Amino acid sequence: MCVCCGEDTETIVHMLFFCPTAKVVWKLAPVKWDGIAEMQGNFGNWWDAVMQSAKETNGLNRIQLTVNILWQVWKARNKMTFQAERGNAKLIVDKAQSEWLEYEANNETNGRPDITAEEKGNSQQK
Ligand SMILES: [Zn+2]
C-alpha cells in the first residue's frame with residue numbers, strides 16, 4: 001500500500017504519476033508531457049516516449065529537468081516512508097528545478113560537450 005496516500009498499491013507508476021502528490025507535482029512542473037500522458041501506465045513505454053524528444057529543440061533540457069523531477073518525487077516518497085515527513089508538491093518541483101539549474105550552471109562553468117549546436121542542427125527535423 002502506498003504510504004503517501006494510503007489509497008492504492010504502491011507501484012512505480014503510482015508513485016511517480018498517480019499518487020495525489022505526484023499528480024500535483026506534474027501539474028506544477030515547468031516541463032509538460034501531456035502528449036504522452038496516456039503512456040504513464042507503463043513507465044518503460046513512457047520513458048521511451050520521453051527519450052524520443054532528445055533531438056527536439058530543448059529536448060535534452062526537458063529530459064534533464066524531468067529526471068530531476070522523478071528523482072525528487074522518489075526522494076519525497078522515501079522521506080514519507082522512512083521519516084514520516086509529508087512531501088509538498090510545490091517544494092518538490094522547486095527543488096527539482098533549482099538542482100537542475102545548479103547542474104546546468106556547473107556544467108557551463110566546467111565545460112561539457114556542446115549539445116546546443118547539435119540540438120540546433122536537429123531542430124529542423126521537428
Ligand atoms: Zn499514493
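The values are calculated or read from the model by the stated rules, or taken from the named source; none is laboratory data. No experiment lies behind these values; they were computed from the predicted model shown. Every residue, glycine as well, gets a Cβ built from its backbone with ideal geometry; the counts of neighbours run over all protein chains shown. These accessible areas exclude ligands, DNA and RNA; they are computed on the full protein's heavy atoms, side chains included. Shrake-Rupley method; radii C 1.70, N 1.55, O 1.52, S 1.80 Å.
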Per the 1/(1 + (r/R0)^6) rule, R0 = 22 Å and r from the Cβ atoms of I12 and N110, FRET efficiency to 0.05 is 0.10
With a probe of 1.4 Å, find how much accessible area region 17-100 has per residue, and write the answer as a whole number in Å². 56
For region 12-125 the mean separation of alpha carbon contacts under 8 Å (6+ apart) over residue count, i.e. relative contact order in percent, is 31
For a test of the definition: using alpha carbon positions, the gyration tensor, and the 1.5 limit on a/c, classify region 12-125 as rounded, prolate or oblate. oblate
Full extension between F43 and N88 adds, at 0.36 nm per residue less the Cα distance, a length in nm of 13.9 nm
When you count, for each residue, the other Cβ atoms within 10 Å and take the mean per peptide, how do 48-55, 62-69, 37-44 rank with the highest first? 62-69, 48-55, 37-44
Residues of region 65-105 with amide N under 12 Å of a point placed 7 Å along Cα→Cβ from V3: 75-87
Can you give the extra length, in nm with one decimal, that the chain gains between W74 and K32 once fully stretched, where that is 0.36 nm per residue apart less the Cα-Cα distance? 13.3 nm
Env charge @ M80, Cβ radius under 13 Å, K,R +1 / D,E -1, value +2
Among T109, T11, T21, which one moves the most in a GNM of the chain with springs linking Cα atoms closer than 10 Å? T109
